[in-house]
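The values are calculated or read from the model by the stated rules, or taken from the named source; none is laboratory data. Since the structure is predicted, the reported quantities are computational estimates derived from the model, not experimental observations. Positions of Cβ are generated from backbone atoms using ideal geometry, with glycine treated the same way; all protein chains shown enter the neighbour counts. For accessibility, only protein heavy atoms count, side chains too; no ligands or nucleic acids. Shrake-Rupley method; radii C 1.70, N 1.55, O 1.52, S 1.80 Å.
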Protein chains: 4
Amino acid sequence: MPSARNLTPKYNQGDELSPWRESLNRIIFGYQTRLGRAFDLVLIISILLSVIAIMLDSVEAIRLEYGSLLYAIEWGFTILFTIEYLLRLICVRKPWLYARSFYGVVDLMSVIPTYLTLIIPGAKYMLVIRILRVLRLFRILKLAEYIGEAHVLITALTKSRQKILVFLYTVLTLVVVFGSLLYVVEGDESGFTSIPKSVYWAIVTLTTVGYGDIAPVTPLGQFIAASIMIMGYGIIAVPTGIYSAELVKAYTDNKNPESCTACGEAGHDFDAVYCKMCGHKLSD
Amino acid sequence: MPSARNLTPKYNQGDELSPWRESLNRIIFGYQTRLGRAFDLVLIISILLSVIAIMLDSVEAIRLEYGSLLYAIEWGFTILFTIEYLLRLICVRKPWLYARSFYGVVDLMSVIPTYLTLIIPGAKYMLVIRILRVLRLFRILKLAEYIGEAHVLITALTKSRQKILVFLYTVLTLVVVFGSLLYVVEGDESGFTSIPKSVYWAIVTLTTVGYGDIAPVTPLGQFIAASIMIMGYGIIAVPTGIYSAELVKAYTDNKNPESCTACGEAGHDFDAVYCKMCGHKLSD
Amino acid sequence: MPSARNLTPKYNQGDELSPWRESLNRIIFGYQTRLGRAFDLVLIISILLSVIAIMLDSVEAIRLEYGSLLYAIEWGFTILFTIEYLLRLICVRKPWLYARSFYGVVDLMSVIPTYLTLIIPGAKYMLVIRILRVLRLFRILKLAEYIGEAHVLITALTKSRQKILVFLYTVLTLVVVFGSLLYVVEGDESGFTSIPKSVYWAIVTLTTVGYGDIAPVTPLGQFIAASIMIMGYGIIAVPTGIYSAELVKAYTDNKNPESCTACGEAGHDFDAVYCKMCGHKLSD
Amino acid sequence: MPSARNLTPKYNQGDELSPWRESLNRIIFGYQTRLGRAFDLVLIISILLSVIAIMLDSVEAIRLEYGSLLYAIEWGFTILFTIEYLLRLICVRKPWLYARSFYGVVDLMSVIPTYLTLIIPGAKYMLVIRILRVLRLFRILKLAEYIGEAHVLITALTKSRQKILVFLYTVLTLVVVFGSLLYVVEGDESGFTSIPKSVYWAIVTLTTVGYGDIAPVTPLGQFIAASIMIMGYGIIAVPTGIYSAELVKAYTDNKNPESCTACGEAGHDFDAVYCKMCGHKLSD
């Protein structure tokens, strides 16, 4: 689990700032002080409210009635978030590093679409990307714990990356081959009008989603489709197996790699103070 | 596995009651005596019959024919369950604690809707909540065993709670972002009439349910949809992996149950010779 | 893994029979001799052919053309299987025990429907139950191995039986409660015409099958449906986790339970000859 | 993980060839030299482009506009791949062994369909089989690593082969029996027009694909369907459990790789002091 120190992002590590920027930094980026946590809480509620406003704005009946109100809300939040973004740039220790960080990019992309709507009208719905900012929520909750949990999940994913790539390539090959096969077998009437569409159908089927907008009608087509389904039903075991095995390993692998200086015995628990074999005190 | 003693709920622990209340308590809350088990059995059969009656009442053809009979049955069971609820309140050791407990609330909610139908007609179908009362069934069956099994499952769920929250948050972020994306890409014709509806579609797709009432028709929409499907197909590995690993750990967590005679520390490896905490030799 | 001896079913264990019955027994029930394996092979091919004939007979276009031929085939196979069943009864060691065994019942049910069609016409399609007889196939293949594999799978299922019952009960409670909820929320127009039908819909949704013949149309209904989907997507982890953990335990649990007579060390591999801790020879 | 040596396929092992064939071999089959990697990269890009061209050709709107261009592209790539195939035959060490190997067959089948279109028009879409050639991609990437990963996955699949066969047989028996049952229960109106079609429906349902093109409408049919769904939801745990357990075993099979100096026995536990086979003290 990562320690408290390395939870501070790189762009906020470094020398002391001037007093007022230091205070601002503690409020905006910090979560140790009461004011810092309050700021984060207000921010997250604002983000959620703004995302809900965007969603409601997309419902025609609501837009017709409350369109101008939602328009005002959207601009209000955008201006607020713009000010916040500028303040972040001012008080952070390494502004350029922050601007290129994941959060920096998300923060910027959370305000740009509204300004873009002055040129491109549809762009505003992309504001829902703001929801990514809510990731900051984990900072208010018992932070280290959640980041630690996410860390375990991501480490397991990273370790099984290559296996998952091999798996994904197999899946893609299967859907291309089977999709083309059904394009040849089934006629246009059942919806298999082109290979790309048939490949789309094969993905819908293999992943067991099964919309039913395209479905084979000939006996041979249904036979091949049944094979893909059973295949898909079976190979879902592969990513699950990979990931389970990786997590099981991560869970059961919690032995200290260092060995006893007296008898050389290794494989002690992390909380062990004395060697379980010879009783000698373990070095810290 | 929990011992017999702590299976007695808190609201029924305490001093001896007056004789007749004590006998009533043993019949209604107990399952050690023959009469107590018989009471539970009759109760569960009554509950199941009443739930079936409510279900049948919702089928129009049956309601038209047997409506008045079902009406009588419903009131009959409701009055019976009301009397039973009052008796429980009278004979339990801590009535107020019982009334606020899970079973107390369920017992009350199992009778209220019928009385509410005098005011709100549709309320009666909420009586199916009575089915929760059947949880008491596990008391008649080999009790401790089943509670023990449920306990293992729930402990594993509790331990993986934080990981599952991280996972759920990721899933929600994905469906909001992808749902909005498809709202922008697809027009109104294919059913993506608003962002909330598109998010609903994204959930239907990511969870591989796939009704097909809303489905993308443009090539770009189908391409993005295919990505969500493969994602959904892959990330189902995450909760399964978390839960499997947690259960495997619970199963294989075979630490020596005996603790050190010197410092009381438990959880030693089976092959440990010395206490890992104080260095004292462990008794064999 | 079960030894060769206990693979002989109970109804065929016992004293020597008269020579001709003993030979017949060896051909019909045995698989050690060449003739016995040939008999099994011919039987399985006959069964598969008869099942295919029944299936084809259900396709109207084929029935109209080849109806009388398929009728003849059906009666031919039925008479053959009836003779075989009678021969089994004659040459088996304990006929009554065989008649009540799983295979005995399946063998009888594989011929009865044809005779029933003289009275009830539709009964013949139930002849597909013959497919269960193909389980005998595993006897011709490397028998013990396959039965051993099935044994591991079934043992793991049996061990997790109670957990799976707890899980199934939870699923049933969920679908009853959520089905009724959607019956109240959605009107008749969207297909939720009665609680039993709504419960059926809830099962279709929770198991991620998702036909789409019944689907919520109101925003509230879709919101509740989305909750069920995410729930269903998550709780599929439960049976998978239970079963995985049980199998992992079965796989990794292959240590010899007996300990060294010299130093008492336990946990030796099954193939260990000397104690890994003190070098003393292990008793066999 | 396989060593570098046994990554060279058998058909390319053997004596030195004449200089120019040796150079050609190194470029076409090798990936150690820069030219060899460049050749593989160009080849894979060509394959992907040709597959995309075939896919686009199947879209009617595109075929009408760019039909002749795509026709030229197709023949161009086919002639290129034919030349490449012939060069492979010339410079490989054992041409006949290569021609019968997996890659040899795929390479041949990647060009034949185009020539076949001179006789059978529809054949060309089978050219997508070319996508299998992209498997060579793993040679350019960190080869041994990916092959090692695939190796682990395939070994686990091979080891669980018998269990998966037992599982598949169970699934097939279930869909035949339940499919026939629904054919008898449901009439023709709901789409259950024949047993093969009903079996197809049962597969669609059991694998949780659920197109909805065929769906039961009678209460009894829906009740049986619900049972199949819950069954399908539960038994997906079986292949996942098998595969997870096999992978967990492969991961945690952490036996000491060093063998006994006296008898050569390997596979000792890490904490073993004496050889479990001959009782000789193990070197530390």
Mind checking which pairs have a first residue in region B:177-205 that is on the phi > 0 side of the Ramachandran plot and more than 10 Å from chain A (Cβ to nearest Cβ) and a second that is buried (at least 24 other Cβ atoms within 10 Å of the Cβ) and not in a helix (DSSP H, G or I), Cβ under 8 Å, 6 or more apart or different chains?
B:Gly191/B:Ala215
Pairing a residue in region D:63-80 that is assigned by TED's automatic domain parsing to the domain that holds D:Asp107 and free of Cβ contacts under 8 Å to residues at least 24 places away in the same chain with any residue that is β-branched (Val, Ile, Thr) and open to solvent by less than 100 Å² (accessible area, probe 1.4 Å), where Cβ atoms lie under 9 Å and the two sit 6 or more apart in sequence or on different chains, gives D:Leu70/D:Ile54; D:Leu70/D:Ile62; D:Ile79/D:Val111; D:Ile79/D:Thr114
Can you name every one of the helices (runs of 4 or more DSSP H) wholly within region B:9-121 that holds 1 or more residues which are in contact with a strand residue (DSSP E or B) (Cβ under 9 Å, 6 or more places away or on another chain) and either at negative phi or surrounded by 15 or more Cβ atoms within 10 Å (Cβ to Cβ) (or both)?
none
Looking at this structure, is C:Thr82 closer than 24 Å to D:Val185 by Cα and hydroxyl-bearing (Ser, Thr, Tyr)?
no
Could you please find all residues in region D:159-176 being within 18 Å of D:Ser227 (Cβ to Cβ), in contact (Cβ under 8 Å) with a residue 12 or more places away in the chain and open to solvent by less than 20 Å² (accessible area, probe 1.4 Å)?
D:Val171, D:Val175, D:Val176
Could we say that A:Gly76 is closer than 25 Å to B:Pro196 by Cα and at pLDDT 90 or above here?
yes
For the structure I just gave you, tell me whether A:Ala250 is more than 8 Å from chain D (Cβ to nearest Cβ), modelled with pLDDT under 85 and open to solvent by 50 Å² or more (accessible area, probe 1.4 Å).
yes
What residue, among those in region D:16-66 that are among the small types (Gly, Ala, Ser) and under 20 Å from A:Val199 (Cα atoms), is nearest to the other protein chains (Cβ to nearest Cβ)?
D:Ser58
Of all the residues that make up region C:206-224, how many are touching a residue at least 12 places away in the same chain (Cβ under 8 Å), surrounded by 24 or more Cβ atoms within 10 Å (Cβ to Cβ) and within 21 Å of C:Ile235 (Cα to Cα)?
3
